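Participant: First, the structure itself, so that you have it in front of you.
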Amino acid sequence: MENNYSVGFVTDWLVTYAGAEKVLSELVQIYPDADLYSVIDFLSDKDRQKIGNKRATTTFAQNLPRVKKKYQNYLPLMPLAIEQLDVSSHDVVLSSSHAVAKGVLTGPDQLHISYVHSPIRYAWDLQHQYLRGAGLDKGMKGSLAKYLLHKMRLWDYRTAKGVDHFIGNSQFIARRIHKVYGRKADVIYPPVNVDRFTLNENKEEFYFTASRMVPYKRMDLIVEAFAAMPDKKLVVIGDGSEMEKVKRLAKPNIEILGFQDDATLVDYMRRAKAFVFAAEEDFGISPVEAQACGTPVIAFGKGGALETVRPLGVARPTGLFFDAQTVPSLVAAVERFEQNRDAITAADCRLNATKFSEARFRQEMQQYVDAKWQAFNESKKIIY
């Protein structure tokens with residue numbers, strides 16, 4: 001696609017291929033000639049192919065000791081690092097930010113649009129949760145961590161003024177952007193590869209969940225709830241720091257498969273009677289992927305899931321919510337699903353998922369940037 005403006009992409013860091021990198025890969029398809037900038041870049045050759053084999057211009061942080069594996073330990077240096085990137089040759093700067101990328105320095109004749117996955121979670125409303133999880137809520141180390149996060153918040157708030165337009169990846173994140181920065185954010189949902197999944201209307205008699213086993217995903221809650229429902233089978237895919245805890249909670253009706261390849265995950269997702277999701281996510285791709293298979297979703301009713309799952313009670317429902325991250329709440333939701341299962345069709349689930357496709361993301365992003373660039377240029381004209 002041809003554009004009458006030059007584009008530079010700015011990311012926080014490139015270490016693994018996850019949600020932010022997926023957004024970047026779609027942006028590369030829109031703007032294949034754009035230059036890429038990042039605090040550090042250690043992407044594998046396989047993952048780099050997904051972003052058009054682009055290599056980022058990086059910062060001094062690229063050469064810090066053990067930064068590839070310990071990059072999060074250098075968070076206090078990231079604001080300084082991102083400000084060293086020279087993006088002055090570009091008309092439009094697109095930052096993809098969940099930490100510091102939005103703090104890149106731009107000039108008055110440059111348009112800076114920031115696609116925000118979230119304001120820095122561990123510096124703002126989730127600070128206390130992260131500090132407890134890291135064992136830094138007490139003592140001298142805790143006091144130092146709190147001071148550094150205080151400085152990070154001051155920097156983060158100040159640099160929001162350098163962004164011309166914010167895009168949130170959900171209404172939930174748009175509200176967080178407004179709360180933190182006092183700025184309005186438009187919403188463009190992230191790209192989901194719904195074509196990777198195919199519709200299956202022949203469901204089997206088991207529930208399914210899949211995720212990294214880390215505390216906030218609440219895989220332990222799901223397993224504990226199904227342990228209290230011995231007549232209902234649950235299949236679990238995933239691995240992580242919570243694996244041993246999850247195994248201890250499991251009963252004979254729960255099958256824990258650990259890490260599995262993509263084909264196996266998709267196969268279980270397609271055959272399950274429902275997908276269970278207990279995390280509070282900014283957006284949450286897994287519930288959309290489940291719906292792309294025609295699989296209903298039972299989700300915690302907070303965060304991005306509220307925007308991707310159509311609950312019982314509305315036209316063409318695709319799932320339902322439970323109100324609290326507790327065993328009784330989830331058990332009640334499963335029972336409600338059993339009673340209303342016929343109200344949810346696989347075709348409606350699939351149709352809802354297509355609203356979050358990759359092609360839709362590319363179209364919305366290009367139209368958005370084109371419109372903002374045109375308005376930006378009009379605003380610079382001097383009328384005598």
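The values are calculated or read from the model by the stated rules, or taken from the named source; none is laboratory data. Computed from a prediction, not measured in an experiment: that's the story for all the values here. As a convention, Cβ positions derive from the backbone with ideal geometry for all residues, glycine included, and neighbour counts pool all protein chains shown. In case anyone asks, the SASA skips ligands and DNA or RNA and just uses the protein heavy atoms, side chains included. Shrake-Rupley method; radii C 1.70, N 1.55, O 1.52, S 1.80 Å.
Participant: Go through segment 53-70 and count every residue that is open to solvent by less than 40 Å² (accessible area, probe 1.4 Å) and under 24 Å from Leu27 (Cβ atoms).
Facilitator: 4
Participant: OK, next. If I go through segment 340-359 residue by residue, how many of them are open to solvent by 30 Å² or more (accessible area, probe 1.4 Å) and part of a helix (DSSP H, G or I)?
Facilitator: First, the residues of segment 340-359 that are open to solvent by 30 Å² or more (accessible area, probe 1.4 Å): 340-343, 345, 347, 350-351, 354-355, 358-359.
Next, from what is left, pick out any that are part of a helix (DSSP H, G or I): 341-343, 347, 350-351, 354-355, 358-359.
Residues in segment 340-359 being open to solvent by 30 Å² or more (accessible area, probe 1.4 Å) and part of a helix (DSSP H, G or I): 10 in total.
Participant: Still on this structure, I have one more. Considering only residues that are under 19 Å from the mean Cα position of the chain (by Cα) and over 25 Å from Asp348 (Cα atoms), which ones fall in segment 238-290?
Facilitator: Within segment 238-290, Gly238, Asp239, Gly240 qualify.
Participant: Kindly evaluate Pro328 against the criterion of being open to solvent by 60 Å² or more (accessible area, probe 1.4 Å), over 19 Å from the mean Cα position of the chain (by Cα) and closer than 26 Å to Val214 by Cβ.
Facilitator: Judged against the criteria, Pro328 is a match.
Participant: Moving to a separate point now. Which strands (runs of 3 or more DSSP E) does segment 118-214 wholly contain that include 1 or more residues that are hydroxyl-bearing (Ser, Thr, Tyr) and either at pLDDT 90 or above or under 22 Å from Gly240 (Cβ atoms) (or both)?
Facilitator: 207-210
Participant: Follow-up question, since we're still on this one. Please go through segment 151-162 and pick out each residue that is in contact (Cβ under 8 Å) with a residue 40 or more places away in the chain, more than 25 Å from Lys302 (Cβ to Cβ) and touching a Gly at 6+ places or on another chain (Cβ under 9 Å).
Facilitator: Result: Trp155, Thr159, Gly162.
Participant: For segment 369-384, indicate whether the set of residues that are small (Gly, Ala, Ser), farther than 20 Å from Ser96 by Cα and open to solvent by 30 Å² or more (accessible area, probe 1.4 Å) is non-empty. Steps first, answer last, please.
Facilitator: Filtering segment 369-384 for residues small (Gly, Ala, Ser) gives 371, 375, 379.
Keeping just the survivors that are farther than 20 Å from Ser96 by Cα gives 375, 379.
Narrowing further to those that are open to solvent by 30 Å² or more (accessible area, probe 1.4 Å): 375, 379.
Checked against the condition, which is being small (Gly, Ala, Ser), farther than 20 Å from Ser96 by Cα and open to solvent by 30 Å² or more (accessible area, probe 1.4 Å), segment 369-384 yields at least one hit.
Participant: Same structure again: Have a look at Ala278, Ala272, Ala228 and point out the one that is touching a helix residue (DSSP H, G or I) at 6+ places or on another chain (Cβ under 8 Å) and open to solvent by 20 Å² or more (accessible area, probe 1.4 Å). Step through it out loud before you land on a result.
Facilitator: On the way: Ala278 fails: open to solvent by 20 Å² or more (accessible area, probe 1.4 Å); Ala272 fails: open to solvent by 20 Å² or more (accessible area, probe 1.4 Å).
Only one candidate qualifies: Ala228.
Participant: The conditions are (1) open to solvent by less than 40 Å² (accessible area, probe 1.4 Å); (2) in contact with a strand residue (DSSP E or B) (Cβ under 7 Å, 6 or more places away or on another chain); (3) closer than 30 Å to Val334 by Cβ, and Lys217 fails exactly one of them. Which is it?
Facilitator: Among (1) open to solvent by less than 40 Å² (accessible area, probe 1.4 Å); (2) in contact with a strand residue (DSSP E or B) (Cβ under 7 Å, 6 or more places away or on another chain); (3) closer than 30 Å to Val334 by Cβ, Lys217 violates only (2).
Residues are listed down the side, and each one gets a yes or a no for (1) under 25 Å from the mean Cα position of the chain (by Cα); (2) of a type in the set (A, V, I, L, M); (3) at pLDDT 95 or above:
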residue: Val309; (1), (2), (3): yes, yes, yes
residue: Ala324; (1), (2), (3): yes, yes, yes
residue: Arg336; (1), (2), (3): no, no, yes
residue: Arg341; (1), (2), (3): no, no, no
residue: Ala347; (1), (2), (3): no, yes, yes
residue: Lys355; (1), (2), (3): yes, no, no
residue: Gln366; (1), (2), (3): yes, no, yes
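Participant: Would you point out the residue of segment 1-11, among those that are out of contact with any Asp or Glu (no Cβ under 6 Å at 6 or more places or on another chain) and modelled with pLDDT of 95 or more, that is surrounded by the fewest Cβ atoms within 10 Å (Cβ to Cβ)?
Facilitator: Out of the qualifying residues, it is Val7.
Participant: So, one more: All but one of (1) open to solvent by less than 50 Å² (accessible area, probe 1.4 Å); (2) in a helix (DSSP H, G or I); (3) closer than 25 Å to Ala18 by Cα; (4) not assigned by the TED database to the domain that holds Val369 hold for Val236; which doesn't?
Facilitator: Among (1) open to solvent by less than 50 Å² (accessible area, probe 1.4 Å); (2) in a helix (DSSP H, G or I); (3) closer than 25 Å to Ala18 by Cα; (4) not assigned by the TED database to the domain that holds Val369, the lone unmet condition for Val236 is (2).
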